[in-house]
Amino acid sequence: MRSARGVFVLTGAGVSAESGVPTFRGGGGAAVWKGLPFDVISSASMVRSNLPEVWEWFDYRRGVLESCRPNRAHETLAGWQNRFERFTLATQNIDGLHAEAGSRGVLELHGNVWRALCLNCDGREDLRRKPSDVRPPVCDECGGRMRPDVVLFGEMLPAGVWDEAADGSAASDVCFIVGTSALVHPAASLPLAAKHAGAFLVEVNPEPTPLSNVCDLALRGPAGEVLPQIEF
Ligand code: APR
């Protein structure tokens, strides 16, 4: 860490588990909606077939997140952003907790649950500034119907965000993989790009993942306890 010029961090649901945010697959309580597995209710086809149901699901998730605050893992990563020539923080989380902890330029690979995206003009708006009882929300710009600004199963990641993350991982000397089961692609391929570029890979997760065997170091414990102990 002391000699690193570029550091890349990929986070997943586990980094928010200690804030009370349910994870999807590993410890901390999986999320299922009305008996529907999350990869069904969170799918592109659902937006086409039943947008109101999709909004009900994401309104429920926002309700769960309302009382969640950043934990020491988020705070530690925010504290690292000025310590390197190049620091890239990419997250699969849609909870906005990294930014709330003070991280700037967070690459939100899967979008953000606090934003809406217009199906007509692609305009984006902060949901906290819109009436919560109008569903689907209406675009201020064009009057179009809006959907959650979250990447759903079967959809591409936002191109600009992906390119920046790919650049950051390929230019890193140290890459951290924090709180992700590394099962969902293409996000899970980012640490492999870092490894390919010669980076030192560190996994922070109480449980092993499919990436564990390519890591140089695996720190087995909760991110909120492990990350603050990394001193350099
Ligand atoms: N600290 C670190 N890691 C933790 C903690 C913790 N306190 N608690 C749980 N974990 C680990 C689990 O062991 C598991 O490996 O976090 C991981 C959470 O995995 P998932 O629930 O699969 O979440 P994630 O990898 O972020 O999922 C990827 O899948 O459902 C989609 O779009 C959704 O972004 C999500 C993507």
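The values are calculated or read from the model by the stated rules, or taken from the named source; none is laboratory data. Because the structure is a prediction, the values reported are computed rather than measured. A quick note on method: Cβ atoms are made from the backbone with ideal geometry, for glycine too, and the neighbour counts reach across all protein chains shown.
For region 193-207, which residues satisfy the criterion of being among the charged types (D, E, K, R) and more than 16 Å from the ligand (Cβ to nearest atom)? Once the filter is applied, which keeps residues that are among the charged types (D, E, K, R) and more than 16 Å from the ligand (Cβ to nearest atom), region 193-207 yields only Lys195.
Rundown of residues vs (1) closer than 14 Å to His110 by Cα; (2) over 18 Å from the mean Cα position of the chain (by Cα), yes/no style:
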| position | (1), (2) |
| --- | --- |
| Leu157 | yes, no |
| Gly160 | yes, no |
| Ser181 | no, no |
| Pro186 | yes, no |
| Ser189 | no, no |
| Phe200 | no, yes |
| Asn205 | no, no |
| Leu211 | no, no |
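Residues of region 146-166 that are charged (D, E, K, R), out of contact with any helix residue (DSSP H, G or I) (no Cβ under 6 Å at 6 or more places or on another chain) and either surrounded by 15 or more Cβ atoms within 10 Å (Cβ to Cβ) or at positive phi (or both): Asp149, Glu164. Checking Cys121, Cys215, Cys139 one by one, the residue that is buried (at least 17 other Cβ atoms within 10 Å of the Cβ), more than 24 Å from His74 (Cβ to Cβ) and either over 20 Å from the mean Cα position of the chain (by Cα) or among the aromatic types (Phe, Trp, Tyr) (or both) is Cys139 and no other. Evaluation of Arg83 against the conditions (1) over 20 Å from the mean Cα position of the chain (by Cα); (2) surrounded by 15 or more Cβ atoms within 10 Å (Cβ to Cβ) shows that the sole unmet condition is (2). Looking only at region 121-163, how many residues end up being in a strand (DSSP E or B) and not charged (D, E, K, R)? Here the count works out to 5.
Whether a residue is on the phi > 0 side of the Ramachandran plot and within 16 Å of the ligand (Cβ to nearest atom) was assessed, and Ala182 passes this test.
Residues in region 27-56 that are modelled with pLDDT under 85 and acidic (Asp, Glu): Asp39 alone. Residues in region 208-232 that are over 23 Å from Pro70 (Cα atoms), within 13 Å of the ligand (Cβ to nearest atom) and not hydrophobic (A, V, I, L, M, F, W, C): Pro208, Thr209, Pro210, Ser212.
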